[in-house]
There are 2 protein chains.
Amino acid sequence: MPGMAPAASGIIADLKKVMEFSFRLMEGGIEQQRAIMTRHPLPDATPPPATVEAFRARLADLSGSLPRRLQQCADHLSAHLDSIAVSTVAEIAAGAGVPPSAVMRFCQILGFSGYSEMQRLFRNALSLGLPDYGTRLANLKSGPADRPAALVAEFVEAGRLSLEKLTQDLDETALNQAVDTLSRASVIHLAGYRRALPVAAYLAYVFEKMAIPAMLHAGIGGLDQRNAMRSGDALLAVTFAPYSSETLSLAAEARARGLPVVVLTDPPATPILRQADLVLTVAEVDFGAFRSLSATTALALSLAVAVATRRQG
Amino acid sequence: MPGMAPAASGIIADLKKVMEFSFRLMEGGIEQQRAIMTRHPLPDATPPPATVEAFRARLADLSGSLPRRLQQCADHLSAHLDSIAVSTVAEIAAGAGVPPSAVMRFCQILGFSGYSEMQRLFRNALSLGLPDYGTRLANLKSGPADRPAALVAEFVEAGRLSLEKLTQDLDETALNQAVDTLSRASVIHLAGYRRALPVAAYLAYVFEKMAIPAMLHAGIGGLDQRNAMRSGDALLAVTFAPYSSETLSLAAEARARGLPVVVLTDPPATPILRQADLVLTVAEVDFGAFRSLSATTALALSLAVAVATRRQG
DNA sequence: CCTGATTTGGAACAAATATTCCATTTTGAG
DNA sequence: CTCAAAATGGAATATTTGTTCCAAATCAGG
């Protein structure tokens, strides 16, 4: 019904349903009533849980008032919540000792349209919405790009994801060794060319504030200051793919002079591995072509503060 | 062959392959041999990695010696290792920017029979269970406070809070006006002294990448370039309390010349208000004396991308 | 023990997904 | 520049997986 207000048309539709329902009731026997009700459930159908927590709660709520097979589903699922994301219906069914159709019914009782929809909940929770990132980007491109606030939301989201990923992937051993290495250096040389300059510049600022000798190599004015690297110093190189040749060359030079080289980069760190004694990788979720550097900055700052603490102790 | 033991039937199948191979070899010329060999590789094909670690290693090993599309696969996969378990071939392919068949080929090069087999590796690893975000963060925080990993947890937390706050406090009107103003400028001048340099430097990088005329004023070498600001340009100043005198003076100069001045700063922005036409404030949660700049970077990037979009339209 | 309502299992079907294949393009050696 | 080998993209196909449906089994109340 084009042109009609959505609310009104919704009410009309509901009315029609109710009328149709009553009508059938009159001509059909009482036994048809239930069948009709299950085949045409009224709009009060339970909405599916939107979060894993809600799912848990709903499970606990239902438990106890279910027929045997469905109870088995509930039990098995609540015991293996985190494997839903990577299991097929058949696997879940086998695990619970029920046929696949029982699992399907169970999903629908919870309010999902089917197993796939339920699984989506867990997959999203697991990979934090990464899969459909491309889609969102496409949407944004096609949609109202003139709304800067939407962009902010995307970058915020990318930043949050990056930070979460950092807590997952953090190589604590490498971090500790990096702190060790850098805290023993007389001067810390910071390499940060192009895209890496912001991070390196911030490190330079922070080290200076904490009275730790540090020197920024950023190729300003095309100036090369590699001879400032002296035995006893260390190099902390920040670089991302595609790795700038300046950084690689500076790292090689440091290496040749016997300086320890710590690299802060993104995975895969392959090309830089050769020049590095220690590699800290940080995966930054990028939105479009640009990265918000949240995780990188967090890791870099942690490194700096840890080095400062170690030095004082 | 129903009724036959699986092992025996496997051997038969292998024998058949070998026989077929020899036969073709005999009737084909020497030049066909290679083609046949690559199409029907003998059983000595590389065994697939058995653990996620081995997978990582193999990826790093192969990287660099691969043709373009396969290299893209390798890069994307190593950056999104943990989403393999819940992604389809099509999603991975889209993420890497390659057609699905390239992903398939890549799986086979790694020694897997196909994508499914590779995915199984990750699904298994996943269902062995990893703790959720909250738990991991708690783990990182616990233990001696001087542990670098604990610092990471703190900075991650600070970053997250900042980002969250940004979505709440964002002044959409001001942002829109800022985009308006900057997209009309012939050259965007970026002021970023001291602590603000990282943000301004990143903005300069991003603008340059998007072919938007921008100039960074950071006082490098004590150089003052205020006369580069000409009518028709605009100034975007990034600064935090305590506001550097250079920034204030540059803003005043811009104002005197009739240039619109947009300021990106932290609240309260009182001292800077006088020099600014537009103020964007972003509250960065700091841990100790240092800020992770997550929210600021996110806002700055959004601004840049929005300006670029507006200019093209 | 009968009867109608509910639950159940599995077979049939539909949709999504992986995999293969081959015509075309690109690359690299001579 | 030429040619063969390698790489590539996409369409066709195979397989797996999800979903629906209904006949049979089970259950509860009289």
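The values are calculated or read from the model by the stated rules, or taken from the named source; none is laboratory data. Not measured: the values here are computed from a predicted model. For neighbour counting, all protein chains shown are included, and Cβ atoms are generated from backbone atoms with ideal geometry for every residue, glycine included.
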Looking at (1) modelled with pLDDT of 90 or more; (2) facing chain B (nearest Cβ under 10 Å); (3) more than 30 Å from B:G97 (Cβ to Cβ), which one does A:D82 not meet, given that it meets all the others?
(1)
Inside the stretch B:193-217, can you point out the residues that are within 9 Å of chain A (Cβ to nearest Cβ) and not in a helix (DSSP H, G or I)?
B:M210
Residue check: is A:P43 under 28 Å from the mean Cα position of the chain (by Cα), modelled with pLDDT under 85 and either more than 10 Å from DNA strand C (Cβ to nearest atom) or in a loop (DSSP other than H, G, I, E, B) (or both)?
no
Test B:L197 against the stated conditions and say whether it is buried (at least 19 other Cβ atoms within 10 Å of the Cβ), closer than 19 Å to A:A149 by Cβ and in the same structural domain as B:S245 (by TED's automatic domain parsing).
no
Sole residue being more than 26 Å from the chain's Cα centre (by Cα) and at pLDDT below 90, chosen from A:G97, A:G134
A:G97
Determine which single condition B:T88 fails, assuming it passes every other condition in (1) modelled with pLDDT of 90 or more; (2) more than 11 Å from DNA strand C (Cβ to nearest atom).
(2)
Scan the stretch B:287-307 and give yes if some residue there is touching a residue at least 12 places away in the same chain (Cβ under 8 Å), hydrophobic (A, V, I, L, M, F, W, C), touching a Phe, Trp or Tyr at 6+ places or on another chain (Cβ under 9 Å) and more than 14 Å from chain A (Cβ to nearest Cβ), otherwise no.
no
So the helices (runs of 4 or more DSSP H) completely within the stretch B:68-127 holding 2 or more residues that are under 20 Å from A:A241 (Cα atoms) are B:68-79, B:89-96
Return the pairs, sorted by first residue and then second, in which the second residue is of a type in the set (S, T, Y), the first residue lies in the stretch A:158-175 and is farther than 12 Å from B:V156 by Cα, the beta carbons are less than 7 Å apart, and the residues are 6+ apart or on different chains.
A:A158/A:S292
Within the stretch A:218-236, is even one residue within 30 Å of B:L81 (Cα to Cα) and under 29 Å from the mean Cα position of the chain (by Cα)?
yes
Among the residues of the stretch A:206-227, which ones are under 21 Å from A:A304 (Cα atoms) and either in contact (Cβ under 8 Å) with a residue 12 or more places away in the chain or of a type outside the set (D, E) (or both)?
A:V206, A:F207, A:K209, A:M210, A:A211, A:I212, A:P213, A:A214, A:M215, A:L216, A:H217, A:A218
